[in-house]
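To start, the structure itself, in structure tokens.
The values are calculated or read from the model by the stated rules, or taken from the named source; none is laboratory data. Since the structure is predicted, the reported quantities are computational estimates derived from the model, not experimental observations. Using ideal geometry, Cβ is built from the backbone for each residue, glycine included, and neighbour counts are taken over all protein chains shown.
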Amino acid sequence: MNSGSRVIGAIILAVGIAASGHYIGEGIKFFRNFDRSVEVKGLAEQNVKSDLATWSINFSVSGDDLKALYQQVNLNQKTVSQFLATNGFAAKDIQLGTISVNDNWANQYGNSNAKLPHYQISNSVSVTTSNVDLVAKVSQNAGELVNQGVIVTNNSISYFYNNLNSIKAGMLDSATQNAKSAAETFAKNTQSQVGKIKSASQGVFTISSPDGSNVGDTSNINKKVRVVTSIQFFLN
């Protein structure tokens, strides 16, 4: 091969290397542009009202005559049941508790319990219903039981929301739109456009007090449902 051919070959090789480098560079650039993305979080909140309530009324009697105490606590149970029925609760929603007897003298040391009544007998009546408004209303009048001779030791109400599945889809859609708005704000600042969703992960739905401070709250009839999603959008 003469010197002229060698020069031409070298020129062709150099041009080929330069061209291949150009296309490789363009390929990396395209890949990076194609893979540009932003990950954002979307929040959705919804106020709901409880759809189930459990109201437990505990009461007790104390004294030394065990037989008389049994009769009294059974009478108290009937009084509480009648109070609930009279105020509109269905018989199927009222549950009777079981008697619990505590012998105050059984494990006494010296005369430490000598002044205490020998026995304390406790029982309860509870109601479980979807009529949460009735529970909220009637519970305000529980003092009437005291006027009827019932010593109420605990009067507790728990409110629950069990219809979460009916609002999940709508809340996830709202969370997605919220995330997209955040992504669009970012894209605007980077002179980009939001593309399709690259990946998404759903957070846990939480039910809390109306102000959102107490997750798992059962004391409030009104509650707040909250979900946070993490979504990655392509940027064009």
Pair list, Cβ under 8 Å, 6 or more apart: the range 137-149 residue in the same structural domain as N76 (by TED's automatic domain parsing) and of a type in the set (V, I, T), other residue modelled with pLDDT of 95 or more and in a helix (DSSP H, G or I): V138/L84
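Looking at the range 47-73, which of its residues are in contact with a helix residue (DSSP H, G or I) (Cβ under 8 Å, 6 or more places away or on another chain) and more than 24 Å from T129 (Cβ to Cβ)?
S60, V61, S62, G63
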Which strands (runs of 3 or more DSSP E) sit wholly inside the range 55-133 and have at least 1 residues that are under 19 Å from Q148 (Cα atoms), at pLDDT 95 or above and not assigned by TED's automatic domain parsing to the domain that holds N220? 94-96, 119-129
Among the strands (runs of 3 or more DSSP E) confined wholly to the range 150-236, which include 3 or more residues that are under 15 Å from the mean Cα position of the chain (by Cα) and of a type in the set (V, I, T)? 222-235
Kindly check whether there is at least one residue in the range 152-170 that is in the same structural domain as F234 (by TED's automatic domain parsing), farther than 30 Å from D65 by Cα, among the charged types (D, E, K, R) and at pLDDT below 95. no
Sole miss for M171 among (1) under 30 Å from F59 (Cβ atoms); (2) out of contact with any helix residue (DSSP H, G or I) (no Cβ under 6 Å at 6 or more places or on another chain); (3) surrounded by 13 or more Cβ atoms within 10 Å (Cβ to Cβ) is condition (1)
What do you reckon, is S50 closer than 25 Å to I207 by Cα, surrounded by 15 or more Cβ atoms within 10 Å (Cβ to Cβ) and either over 29 Å from the mean Cα position of the chain (by Cα) or not hydrophobic (A, V, I, L, M, F, W, C) (or both)? yes
How many of the residues in the range 76-95 are free of Cβ contacts under 8 Å to residues at least 40 places away in the same chain and exposed (fewer than 14 other Cβ atoms within 10 Å of the Cβ)? 7
